[in-house]
Amino acid sequence: MERRPVAVIECPEEIPCNPCETACPHGAIRVGKPITRRPELDLAKCTGCGLCVAACPGLAIFLVKEEGDTAEVTFPYEFLSLPRVGDVVTAVNRDGEPLGAAPVVAVRQVRTSDGTWLITLAVPRSLADEVRGMRRLNR
Ligand code: SF4
Ligand code: SF4
C-alpha cells in the first residue's frame, strides 16, 4: 500500500453504475462499457482526492494511507451528528463489528459532495484492510 492516500474500491457486483468513473478528475477509475463492468483503478493516477468516495452511491470506496506502523482509513459517512476531530470512536469492519478504539483525524466534505462526509480514522497498520467505518464508543 502507498504512503499517500489512495482509493480502495470494494465494488464486487456487476451493476449498472459509474459515478465513480465520472467523478474522478484524473481518469484513474474506468468502468467503460458495458456499464455493468466492475470499476478498475489505476493507482498511478490516483491522488487520493476523495471525490469518488463522496460520489459512490454504494458507499463502496475508501481511502487508505499507510506509513510506518499506522494507517489512515477514510470512509463515507452520512449520519448526524458528525464526529469531531480528536474524538475517539469505535472502528468497525465491513460487517459493523468493532475492531477497537480509534481517534478521528479528519472530518471533511469534498467540493462535489451533496451531503456525504469523509471521516478519517488513525488505526494500526494491521487493520488498514479491515476498518471500513465507525460508531460511537457509547453505542
Ligand atoms: S481518490 Fe480522487 S484521484 Fe483517486 S480515484 Fe478517487 S477521484 Fe480519482
Ligand atoms: S460508483 Fe460505487 S457502486 Fe457504482 S460502480 Fe463505482 S464503486 Fe461501484
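Summary of values
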quantity	calculated
Count of residues meeting criterion [of a type outside the set (A, V, I, L, M), over 17 Å from Ile119 (Cα atoms) and either more than 10 Å from ligand 1 (Cβ to nearest atom) or part of a loop (DSSP other than H, G, I, E, B) (or both)] in the stretch 36-53	8
Strands (runs of 3 or more DSSP E) (entirely within the stretch 54-132) containing at least 1 residues that are open to solvent by less than 80 Å² (accessible area, probe 1.4 Å), closer than 16 Å to Cys20 by Cβ and of a type outside the set (Ser, Thr, Tyr)	61-67, 70-77, 117-124
Residues being of a type outside the set (D, E, K, R) and either within 9 Å of ligand 2 (Cβ to nearest atom) or in a helix (DSSP H, G or I) (or both) - total across the stretch 13-35	11
Condition broken by Leu121, with the remaining ones in (1) within 11 Å of the chain's Cα centre (by Cα); (2) more than 29 Å from Glu13 (Cα to Cα) satisfied	(2)
Number of positions in the stretch 1-16 that are more than 15 Å from ligand 1 (Cβ to nearest atom) and either modelled with pLDDT of 95 or more or not charged (D, E, K, R) (or both)	3
Checklist (1) closer than 22 Å to Asp129 by Cβ; (2) open to solvent by less than 80 Å² (accessible area, probe 1.4 Å) applied to Ala44, failing item	(2)
Members of the stretch 4-41 found to be closer than 19 Å to Thr74 by Cβ and not hydrophobic (A, V, I, L, M, F, W, C), listed by number	Arg4, Pro5, Glu10, Pro19, Pro25, His26, Pro39
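The values are calculated or read from the model by the stated rules, or taken from the named source; none is laboratory data. Note that the structure is a prediction, hence the values are computed from the model and not measured. Don't worry about glycine lacking a Cβ; one is built from the backbone with ideal geometry, like all the others, and counts go over all protein chains shown. The protein model used for the area step is the full one, side chains on, heavy atoms only, and it has no ligands, DNA or RNA in it. Shrake-Rupley method; radii C 1.70, N 1.55, O 1.52, S 1.80 Å.
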